[in-house]
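Notes to accompany the following structure.
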Amino acid sequence: MVKQRHNSQSGLPEIWRRLKKDKAAVISMFVLLAIILVAVLAPLIAPYGYEVQDKKHPMEGSSRAHLLGTDRLGRDILSRLLYGARYSLAMGFIATAISAVLGIILGSVAGYYGGRIDNLIMRFLDIYQGIPMILLTVTLAAVLGPSLRNAIIALGVGFVPGTARLMRASILTVREKEYIEAAKSVNARDAYNIIKHIIPNAIAPVIVSITMGIGNCIMAGAQLSFVGLGVQAPIPEWGAMISDARNYMRGNPTLALYPGICIMLTVLAFNLLGDGLRDAMDPRLKN
């Protein structure tokens, strides 16, 4: 059995060495780690529960009791932002994981076998991508019903074609390499070749796409929540918080500003980290 794998992609130490040279990517990585840590520790660090109401001080500005003020029901904005990170990140990570698994499977099968199987899968994806992504996710979320779980499913299914096409294109560049031919010559099973040789050597562009895709899913999830098809009240997802604040934009614009800034910083951090990973994993940048 073939043990030696094509070594066109750098190892983790080499990738990390290159990534450290990109200050924007490193800063973005620490920002994301901080956001994830805040999401995990939200019950411990939030001043109040996200449902707790201070009925005496609704729509209050910044104060010692409520650093970022309160919403129309007297709920602490800071606490809801901290808890909201949990749900926004969950939508991004889980939906991206679903689309990545399905896309990698479809792209791997299409790229490895080619021929009729490739044509069948790619024509299906052509039809799939003929529907605007946001329209598809909104339709799926509406059919399944508004909830966090159904929004994640809708987003995961909606982002499959892009991952599948990228995986297929990457596989086409490696499937004719010598180490693949050697594996075939010793009658290695197709599943073994795909899992052990094809995917590991074709996955680098997909990893970059997945990193950026998390930010895109967070953004799309916020859009679903904004139109009422994602997370439902009283859960404080960032998009739902903006939706809840839209009727008070003139009187208290900070209600929408704070969750909007959270979405912007998170998506920007994922995009900058993805750019850094792309440069670090590109073998043409080797010294």
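Counting only residues that are surrounded by 14 or more Cβ atoms within 10 Å (Cβ to Cβ) and not small (Gly, Ala, Ser), how many does the range 59-69 have?
The number of residues fulfilling the criteria is 4.
Has the range 102-111 got at least one residue that is under 23 Å from the mean Cα position of the chain (by Cα), small (Gly, Ala, Ser) and closer than 30 Å to residue 45 by Cβ?
The answer is no, given that none of the residues of the range 102-111 is under 23 Å from the mean Cα position of the chain (by Cα), small (Gly, Ala, Ser) and closer than 30 Å to residue 45 by Cβ.
Filtering the range 67-88 down to residues that are assigned to a loop (DSSP other than H, G, I, E, B) and out of contact with any Pro (no Cβ under 8 Å at 6 or more places or on another chain), which residue is farthest from residue 211 (Cα to Cα)?
Result: 69.
Which numbered condition in (1) loosely packed, with under 14 Cβ neighbours inside 10 Å; (2) part of a helix (DSSP H, G or I); (3) not acidic (Asp, Glu) is the only one that residue 131 fails?
Every listed condition holds for residue 131 apart from (2).
For a quick check of your reading: which helices (runs of 4 or more DSSP H) sit entirely within the range 150-233 and have at least 1 residues that are of a type outside the set (D, E, K, R) and within 18 Å of residue 138 (Cβ to Cβ)?
Fully inside the range 150-233 and qualifying: 160-172, 204-226.
Is it true that some residue in the range 175-189 is modelled with pLDDT of 90 or more and touching a helix residue (DSSP H, G or I) at 6+ places or on another chain (Cβ under 7 Å)?
So far as the range 175-189 goes, no, none of its residues is modelled with pLDDT of 90 or more and touching a helix residue (DSSP H, G or I) at 6+ places or on another chain (Cβ under 7 Å).
Just to verify a result, which residue in the range 241-275, among those that are farther than 26 Å from residue 29 by Cα and free of Cβ contacts under 8 Å to residues at least 24 places away in the same chain, is surrounded by the most Cβ atoms within 10 Å (Cβ to Cβ)?
If we take residues in the range 241-275 being farther than 26 Å from residue 29 by Cα and free of Cβ contacts under 8 Å to residues at least 24 places away in the same chain, then 243 is surrounded by the most Cβ atoms within 10 Å (Cβ to Cβ).
For a quick check of your reading of the model, give me the residue pairs whose first member lies in the range 1-29 and is within 16 Å of residue 278 (Cβ to Cβ) and hydroxyl-bearing (Ser, Thr, Tyr), whose second is at pLDDT 50 or above and surrounded by fewer than 15 Cβ atoms within 10 Å (Cβ to Cβ), with beta-carbon atoms closer than 7 Å and at least 6 apart or on different chains.
If the second residue must be at pLDDT 50 or above and surrounded by fewer than 15 Cβ atoms within 10 Å (Cβ to Cβ), the pairs left are 8/283; 10/283.
Which members of the range 207-217 meet the condition of being crowded, with 21+ Cβ neighbours inside 10 Å and of a type in the set (A, V, I, L, M)?
208, 210, 214
In the range 75-93, which residues are under 23 Å from residue 58 (Cα atoms) and not β-branched (Val, Ile, Thr)?
Listed by number, the residues that qualify are 75, 76, 78, 79, 80, 81, 82, 83, 84, 85.
Being part of a helix (DSSP H, G or I) and surrounded by fewer than 19 Cβ atoms within 10 Å (Cβ to Cβ) is the filter here, so list the residues in the range 110-120 that pass it.
Scanning the range 110-120 gives 113, 115, 116, 117, 118, 119, 120.
The values are calculated or read from the model by the stated rules, or taken from the named source; none is laboratory data. None of these values were measured; they are calculated from a predicted model. Neighbour counts are summed over all protein chains in view; Cβ atoms, including those assigned to glycine, are modelled from backbone coordinates with ideal geometry.
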